[in-house]
Amino acid sequence: MVTHSKGPLMSLRSTCVAVAFFSFALTAGAQSFNIDIGPPTSPFGVPSASYAAAANQPGVWNAVDANNPAAPLVDLSGSPTSVVLTSAGHGNVIENNLSTSGDDEALLDDSADLGSQGLNFQLWSFVGLSSGHYALYTYAWPGDDLQSSIVSGVTGVCGNTPDPAQIVGGPWPGHHVQGQTYALHHLDVPSGGSFCFRLGASSGFGQLNGFQLVREGPSLLAVFCSGDGTATACPCGNTGAEGRGCANSVHPEGASLWVTGHPSVSNDSAYFDAQWMPITSALLYQGTTQVASGMGAAFGDGLRCVGGAVRRISAHAVDGVNSPGSARWPDNGDYPVSYLGGATAGSTLHYQVWYRNAAAFCTSATFNLSNGVTVTWGP
C-alpha cells in the first residue's frame, strides 16, 4: 500500500485484487439504480437517498466494493433485485479532494482504480436487466486535477450505444458537468438484459466513482427470428450464436443485426449495424410482418424473417477493417432509414440483412441472412 500527498489533495491507492468473472441467469426487478463505488471502510460513506446527482434521480445508493463488485443491487427504494454489476477486481482508491463536500464527496472521493495511462481498458457489465431504453451516467472523475479517465461504450455482443467515447476530468466545477465529472451513454437493452462497457485512464491514473442507470422507457426495438435454436431450425443444422442468424461459411456464430441511436421520424439518429458476415455485399430490407409469427422460414443458408410489404433500404459492401464483416445503414451519404423506408410516427416495422455467401457451405444457395429486428418509430 502506497500513500502520497500532493498539495491539498491526499491520495490512498489499494492493491488491486483479481477476482474471476461470473455468469448469471437472473430475473430483473426494478430497473433504475444509483451506485457508489469504493472501499467498504471509506471515511466518506455513501450519498444520501435525497442526492439526485447528474441524472436528477434521488434514491438509495448501492455501496459497491471495487475489489468484489459481483453483488445484487437494490433499486431506488432499497428493495433487493437480481441485477448485478460485474467486473474483475480492480482495487479501491481514496482521493480526499478538499474542494468537494457532503454527498458530492461521498460519491467522488472514493472510487475504483482504473490503472495508469496506456494500460488495457477494464470491462464492466450490468447483468439481469429487463429490456428497455436506458441512460447510463458514469462518474469517472479523478480527484487529482492532473488526471483523467476515458469511458467508451462497447458495441457488438455487449450492447450498443450511439454516443462516443468520452474523457472525464479536470478541476471540481462545483456541480456535475458532463465531460468533467461524468460521461453519458444511451442504449437499448434487448431481452436477455445485459450490456458491458470499457473504462481506462486517459492521463495519469483513471478512476471510477459510480453510476446512475436510468430506465427511460420501453425498448424501441426487439430481436426476433434468431438462428440460435429458439426459432425455426437452420437449413443444415448450422445453428448460430444467441440472438444472431444461422452460421455462415466464415463465422460459425452467424451474422448479427442491431440498432443503435434513437429511431425517430423527425430526428432520426438510428443506425442499423450488421456484423459477422463474409467480406462481400449486404442488403438491408424492411417488411410489415414477421414471417411465421417471428419464427421465420428456411431460406438459402438462413431464415427469412421479414415479410408482408417488403421494401429494400440499400445495399453496401461489407467492411472487414473496423470490425468482423460489418456494414452500417445509413452510411456513405445514405438518407436515414426512416426516410428510405417511409416510416411514420408510431409505426412498427421489421428489418433483416441479406448477404452473399458464395462459398460451398450448407445448401446450394449463395446467400444467408441475419436475425430480424423490430423497430417502433418514435415521432
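Under the rule a/c < 1.5 gives rounded, and otherwise a/b versus b/c splits prolate from oblate, where does the stretch 269-338 land using the Cα gyration tensor? The shape class here is oblate. When the solvent-accessible area of the chain is split by element, carbon and sulfur atoms take up 56 percent of it, the probe being 1.4 Å.
Which values, in whole Å and largest first, are the semi-axes of the equivalent ellipsoid of the chain obtained as the square root of 5 times each eigenvalue of the Cα gyration tensor? Walk me through the numbers on the way to the answer.
Numbers: eigenvalues 354, 82, 72 Å².
Equivalent ellipsoid semi-axes, largest first: 42, 20, 19 Å.
Between Ser269 and Thr230, full extension at 0.36 nm per residue minus the direct alpha carbon distance yields a gain of 11.0 nm. Running a GNM on the chain with Cα contacts under 10 Å, which residue among Thr230, Thr181, Thr239 ends up with the highest mean-square fluctuation? Most flexible of the set in this elastic network: Thr230.
Which residues make up the longest stretch of the chain clear of chymotrypsin sites (Phe, Trp or Tyr not before Pro) that lie in a DSSP loop with no more than 14 other Cβ atoms within 10 Å, not counting the sites?
Result for the longest clean stretch: 23-379.
Based on protein heavy atoms only, the chain ends up with 40 Å² per residue of surface accessible to a 1.4 Å probe. Does the stretch 299-353 come out rounded, prolate or oblate by the C-alpha gyration tensor, with a ≥ b ≥ c the root eigenvalues, rounded set by a/c under 1.5 and, if not, prolate when a/b is larger than b/c and oblate if not? Cα axes put the stretch 299-353 in the oblate bin.
You can think of it this way: the chain between Ala49 and Ala360 has 105.9 nm of extra reach, that is 0.36 nm per residue less the Cα-Cα gap. Taking a ≥ b ≥ c as the square roots of the eigenvalues of the Cα gyration tensor of the stretch 82-134, is the shape rounded (a/c under 1.5), prolate (a/b larger than b/c) or oblate? Note, shape of the stretch 82-134 comes out oblate. For the pair the stretch 187-219 / the stretch 319-349, the C-alpha centres are spaced 24 Å from each other.
Residues Asp163, Asp331, ordered by accessible area of protein heavy atoms at a 1.4 angstrom probe radius and largest first, appear as Asp331, Asp163.
Taking Ala360, Ala233, Ala327 in turn, the Gaussian network model of the chain (Cα-Cα springs below 10 Å) assigns the largest fluctuation to Ala360.
Debye calculation, C-alpha points only, no solvent: report log10 I(q)/I(0) for the stretch 221-379 at q = 0.13, 0.16, 0.20 Å⁻¹, in the same order as the q values. Reported log10 I(q)/I(0), two decimals: -0.52, -0.79, -1.22. The figure for Thr138 is an accessible area of roughly 0 square angstrom, using a 1.4 Å probe on the protein chains alone.
The values are calculated or read from the model by the stated rules, or taken from the named source; none is laboratory data. Predicted model, so just to flag it, every value in this text is computed and none were measured. Note: ideal-geometry Cβ built from the backbone for every residue, glycine included; neighbour counts use all protein chains shown. Accessible surface areas use protein heavy atoms only, side chains included; no ligands, DNA or RNA. Shrake-Rupley method; radii C 1.70, N 1.55, O 1.52, S 1.80 Å.
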